[in-house]
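My structure is below; once you've seen it, I'll send some questions.
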Amino acid sequence: MALRVFLWARSLARWCKGTRAMAKGKLSGAEIVLKVLEEEKTEILFGYPGGAVLPLYDALFQQKAIRHILVRQEGGAIHAAEGYARSSNRVGVVLVTSGPGATNVVTGLTDALMDSVPIVCLTGQVPTHLIGNDAFQEADTTGITRPCTKHNYLVKDVDDLARVMRDAFYVARTGRPGPVVVDLPKDVLQAMARYTPPPAKSGAHLSYRPRMRADADAINRAVELIAGAKRPIFYSGGGVINSGPKASKLLAKFVGKTGYPITSTLMGLGAYPSRNKQFLGMLGMHGTFEANLSMYNCDVMVAVGARFDDRVTGKLSEFAPKAKKIHIDIDPSSINKNVMVEVPVIGDCATVLGQLIKRWGEVKAKPDAKALNKWWAQIAKWRARKCLSYEMNDDVIKPQYALERLQALTRGMDVYFSTEVGQHQMWAAQFLQFDKPNRWLTSGGLGTMGYGLPAAIGAQVAHPKSLVIDVAGEASLLMNMQEFSTAAQYRLPVKVFILNNQYMGMVRQWQELLYGGRYAESYMASLPDFVKLAETFHGTGLIAKKPSEVDDVIKEMIRTDDMVIADIRIDPLENCFPMIPSGAAHCDMLLGPADKAATPVSEEGMVLV
Amino acid sequence: MCRVREAAPRGKDDQVSEDGIERHIIAVLVENEAGVLARVVGLFSGRGYNIECLNVAEIDPEAGQSRITVVTSGTPQIIEQIKAQLTRLVPVHKVSDLTQEGPHVGRELALIKVRGRGEKRVESLRIADIFRAGVVDSTSRSFVFEITGAPEKIDAFIQLMAPLGLVDVSRTGVVAIARGEKPI
Ligand SMILES: Cc1ncc(C[n+]2csc(CCOP(=O)(O)OP(=O)(O)O)c2C)c(N)n1
Ligand SMILES: [Mg+2]
């Protein structure tokens, strides 16, 4: 009975609203927001309701085009949107309320800014006449998020709403992608306005026009330098992935044409197939011996969509000291920011790679085969060092072993990996392999613990049929574990593969190597029983304590249809090698436990993070 | 309109000091929207760049455009970064490094209040005359002078006023424009 009354009231309300709107040809601000989301082909909203956004939730309730995923904390919503965006090359959309809802997304916005992830985040705001009054749940959202967004807007007039929303998507998605906040006062969501569909040919943005094509001159100089190289290396980054799958294809094509070696940043993994012989593995602080030494010794470096982050360069004054550098980037401010380069090439990775390939063919460029053979022979020697080898053990699970097994048992599957932040993340980067872009979701620039689970949820929403695995540390996982409840609600069968060392392992490693083994606050006492935790969230819990149990747990995890937490109890004291201590050069790598005393970290190095 | 000054010594705007630090006048054409000034100022403070002075005013109400003039200093690499970062801001139309791009005129306006009687009062008026500063307000015990010119000229004027009863100074910071026929 009650239900019927409710349904009747609802249809009456819809009817009233319909006639009212029809009579005036107007829509509410909330409806306009949804209209533009539809225009932008948004299918999913990750959000959490509250007073200021109730008009939007009410409008959402009355439509079917857009699906809302209710997270358990707004921080989860934005990481989920990041996972969704990065795994699908679409814009991730977030909806949160004013005040605490908005402040809870600040970490995720910063994360998306650092890693150039396209996000549109709609935040509720108190009604315009209360702004500045310290009203209930008021926060200066545009003020707070100004430094952690690509751009943000406060909409004060419902007549501006559609334009601003379209603008927000355009800015988030084009150029170097990034997060954009649209702050929506409640009265603007309720006000009525005429909705006009977007102009058929949308004109160029007034002041924001990213450059896609590079100057012919820069292309010519780059090709000349690349063709004349004796010890060349490609160094690719997340920009290739952001540019879209075509960029990855063209990268592989160009690298193939040259026959040169290629390394990748953490964010760039997957842009070039890891299994290809020309791939040297990841570079940087925990990169491979061969990648870092090739960078150190190269004479021509081609940076493609990478930004010379300090985790990559190590000591700047000794970064690739003999190299002439070519830097391809869509963001002119990335050029000469950390490292001065000889040939800046400003443009979109896919476009520029296409231009390079074309020019390469036109001038019939031929690499110096003799020099290249010598270079590869040298690289083979570095490779022979087998820097990722580890000591196998029958009693204790080595994290490297667990990941090797995970890699082997998921090989060829339609799989996405996310990670949390710490040692497990670096091991995952070293031991997992990728044939395709968009399959690797990790927090690189900001290094946000708690990213992996919500990101996996977002990726699973985007790819409901795929296998999505969060390679987690037990400490990081606890930072956003409320999102298990989200996974449960939507039956998202994410798999959480915990490399459980019962330590904040990365912190412990630094304390061991740099702070005399004084393990201040890096032990995770009183950890939950992860098997029971999985069960309490309506999932399946598995545990492996011995190497012999690892395969079975992984197989069981893959086989299981619902959410799984696999608690892999690994060696608590294992360190992640190779390691370039902070402030050291690429040629000063610690390769294993025996190396640790050899190179004390300099005083300058100690102040670095 | 807005003025952020740091205690850096004033010199010629394209002065290069021994440590390779250069001083540049940069003109920025922006969309006149809420928060645009905060974006620019936040960029400077967030990335640790210097602002010696900064001002902003709407220059084209129809097109809704404002012009910001900022005087900053840094190594050539930092100056390039500053310009690239400014250009990256979504509401920025154009960034022009007047110092680099050639000859330009830079002017500042100041209002200076001097309080006093007798000989000192007469002396302040005489100096104002030499500097072509006008009197825009006066009481029996005070003057407000208006002076425009290069910042160094204003510095010199203020210095001379100090012993004569200087009580208040308000300066606009430099506004600048390129010489010749070409617009920004
Ligand atoms: C939000 C946040 N807080 C603190 C840190 C600093 N931090 C980096 S790694 C790490 C330890 C991570 O521990 P765990 O998740 O167990 O991963 P492990 O290193 O043990 O594999 C910490 C505290 C961080 N990256 N993010
Ligand atoms: Mg741990």
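The values are calculated or read from the model by the stated rules, or taken from the named source; none is laboratory data. Just so you know, these numbers come straight off a predicted model, no measurement behind them. Cβ sites come from the backbone with ideal geometry, for glycine too, and all protein chains shown count toward neighbours.
Does B:ARG10 meet the test of being in contact with an Asp or Glu (Cβ under 8 Å, 6 or more places away or on another chain) and at pLDDT below 95?
The answer is yes for B:ARG10.
How many residues does the range A:407-431 hold that are among the hydrophobic types (A, V, I, L, M, F, W, C) and either touching a strand residue (DSSP E or B) at 6+ places or on another chain (Cβ under 6 Å) or at positive phi (or both)?
Selection size over the range A:407-431: 5.
Run down B:LYS182, B:LYS153, B:LYS120 and say which single residue is surrounded by 13 or more Cβ atoms within 10 Å (Cβ to Cβ), without any contact (Cβ under 8 Å) to a residue 40 or more places away in the chain and not aromatic (Phe, Trp, Tyr).
Selected residue: B:LYS153, the only one of B:LYS182, B:LYS153, B:LYS120 that is surrounded by 13 or more Cβ atoms within 10 Å (Cβ to Cβ), without any contact (Cβ under 8 Å) to a residue 40 or more places away in the chain and not aromatic (Phe, Trp, Tyr).
Filter the range A:58-74 down to residues that are within 28 Å of the chain's Cα centre (by Cα) and not hydrophobic (A, V, I, L, M, F, W, C) and give me whichever is farthest from A:GLN482 (Cα to Cα).
The extreme case among them is A:ARG67.
Kindly provide the set of residues from the range A:308-348 that are among the acidic types (Asp, Glu) and at the interface with chain B (Cβ under 10 Å from one of its Cβ atoms), ordered by number.
A:ASP331
Moving on. Quick one: in the range A:492-510, of everything that is among the aromatic types (Phe, Trp, Tyr) and more than 15 Å from A:ALA525 (Cα to Cα), which residue is surrounded by the fewest Cβ atoms within 10 Å (Cβ to Cβ)?
So, considering only residues that are among the aromatic types (Phe, Trp, Tyr) and more than 15 Å from A:ALA525 (Cα to Cα), the one surrounded by the fewest Cβ atoms within 10 Å (Cβ to Cβ) is A:TRP510.
For the range A:33-84, which positions are without any contact (Cβ under 8 Å) to a residue 40 or more places away in the chain and aromatic (Phe, Trp, Tyr)?
The answer is A:TYR57, A:PHE61.
Still on this structure, please answer the following. Does A:LYS398 qualify as being basic (Lys, Arg) and within 16 Å of ligand 1 (Cβ to nearest atom)?
Considered against the rule, which asks whether it is basic (Lys, Arg) and within 16 Å of ligand 1 (Cβ to nearest atom), A:LYS398 comes out as yes.
Taking the condition under 27 Å from the mean Cα position of the chain (by Cα) and within 14 Å of ligand 1 (Cβ to nearest atom), does A:GLY505 pass?
The answer is yes for A:GLY505.
Filter the range A:402-427 for residues that are among the polar types (S, T, N, Q) and within 8 Å of ligand 1 (Cβ to nearest atom); which is surrounded by the most Cβ atoms within 10 Å (Cβ to Cβ)?
Across the range A:402-427, the extreme among qualifying residues is A:GLN425.
Yes/no matrix, rows are residues, columns are (1) in the same structural domain as A:LEU280 (by TED's automatic domain parsing); (2) over 14 Å from A:LYS257 (Cβ atoms); (3) assigned to a helix (DSSP H, G or I); (4) modelled with pLDDT of 95 or more:
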| residue | (1), (2), (3), (4) |
| --- | --- |
| A:PRO344 | yes, yes, no, yes |
| A:ALA350 | yes, yes, yes, yes |
| A:LEU353 | yes, no, yes, yes |
| A:LEU356 | yes, no, yes, yes |
| A:ARG359 | yes, no, yes, yes |
| A:LYS364 | yes, no, no, yes |
| A:PRO367 | yes, no, no, yes |
| A:LEU372 | yes, no, yes, yes |
| A:ALA377 | yes, yes, yes, yes |
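So which of A:LEU533, A:LEU513, A:LEU542 is more than 14 Å from chain B (Cβ to nearest Cβ), surrounded by 13 or more Cβ atoms within 10 Å (Cβ to Cβ) and within 16 Å of ligand 2 (Cβ to nearest atom)?
From the options A:LEU533, A:LEU513, A:LEU542, the qualifying one is A:LEU533.
Mind checking whether some residue in the range A:402-410 is part of a helix (DSSP H, G or I) and closer than 22 Å to A:VAL106 by Cβ?
So far as the range A:402-410 goes, no, none of its residues is part of a helix (DSSP H, G or I) and closer than 22 Å to A:VAL106 by Cβ.
Residues to consider are B:VAL56, B:VAL95; find the one that is closer than 29 Å to B:VAL169 by Cα, under 21 Å from the mean Cα position of the chain (by Cα) and either surrounded by fewer than 18 Cβ atoms within 10 Å (Cβ to Cβ) or not assigned by TED's automatic domain parsing to the domain that holds B:LEU166 (or both).
B:VAL56
Tally up the residues in the range A:453-474 that are within 16 Å of ligand 1 (Cβ to nearest atom) and among the β-branched types (Val, Ile, Thr), please.
Looking only at that region, the number is 2.
Tell me which of these B:LEU89 doesn't satisfy, since it passes every other one: (1) in contact with a strand residue (DSSP E or B) (Cβ under 6 Å, 6 or more places away or on another chain); (2) within 9 Å of chain A (Cβ to nearest Cβ); (3) of a type outside the set (Lys, Arg).
Unmet condition: (1).
A further question on this structure: Are there any helices (runs of 4 or more DSSP H) wholly within the range A:179-284 with 1 or more residues that are modelled with pLDDT of 95 or more and under 23 Å from A:ASP299 (Cβ atoms), and if so which?
A:216-227, A:238-242, A:245-258
Could you identify the single residue in A:THR149, A:THR196, A:THR174 that is within 30 Å of B:GLY48 (Cα to Cα), among the β-branched types (Val, Ile, Thr) and out of contact with any strand residue (DSSP E or B) (no Cβ under 8 Å at 6 or more places or on another chain)?
None of the others qualify; the one that does is A:THR174.
Right, here's the next one. Suppose we filter A:PRO147, A:PRO185 for residues that are free of Cβ contacts under 8 Å to residues at least 24 places away in the same chain, within 14 Å of chain B (Cβ to nearest Cβ) and touching a helix residue (DSSP H, G or I) at 6+ places or on another chain (Cβ under 6 Å); which single one remains?
A:PRO147
Keeping to the range A:475-502, report how many residues are near ligand 1 (Cβ under 10 Å from one of its atoms) and free of Cβ contacts under 8 Å to residues at least 60 places away in the same chain.
Summing the residues that are near ligand 1 (Cβ under 10 Å from one of its atoms) and free of Cβ contacts under 8 Å to residues at least 60 places away in the same chain in the range A:475-502 gives 5.
Right, next: Mind checking which residues of the range B:41-68 are touching a residue at least 40 places away in the same chain (Cβ under 8 Å) and within 11 Å of another protein chain (Cβ to nearest Cβ)?
B:LEU43
Can you name the residue in the range A:148-187 that is of a type in the set (S, T, N, Q) and within 14 Å of A:CYS121 (Cβ to Cβ) and is also nearest to the chain's Cα centre (by Cα) among such residues?
Applying the filter and picking the extreme gives A:THR149.
Against the condition closer than 24 Å to A:LEU45 by Cα and either more than 14 Å from every other protein chain (Cβ to nearest Cβ) or within 16 Å of ligand 2 (Cβ to nearest atom) (or both), how does A:TRP440 come out, does it pass?
Spelling it out, A:TRP440 is indeed closer than 24 Å to A:LEU45 by Cα and either more than 14 Å from every other protein chain (Cβ to nearest Cβ) or within 16 Å of ligand 2 (Cβ to nearest atom) (or both).
Could you list, in sequence order, the residues of the range A:554-593 that are out of contact with any Lys or Arg (no Cβ under 9 Å at 6 or more places or on another chain), in a helix (DSSP H, G or I) and over 18 Å from A:VAL507 (Cα atoms)?
A:LYS555, A:GLU556, A:ARG559
Here is a yes/no grid of residues against (1) within 16 Å of ligand 2 (Cβ to nearest atom); (2) under 21 Å from A:ALA544 (Cβ atoms); (3) touching a helix residue (DSSP H, G or I) at 6+ places or on another chain (Cβ under 7 Å):
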| position | (1), (2), (3) |
| --- | --- |
| A:ILE457 | no, no, yes |
| A:SER466 | no, no, no |
| A:GLU474 | yes, yes, no |
| A:GLY505 | yes, yes, yes |
| A:ARG518 | no, no, yes |
| A:LEU527 | yes, yes, yes |
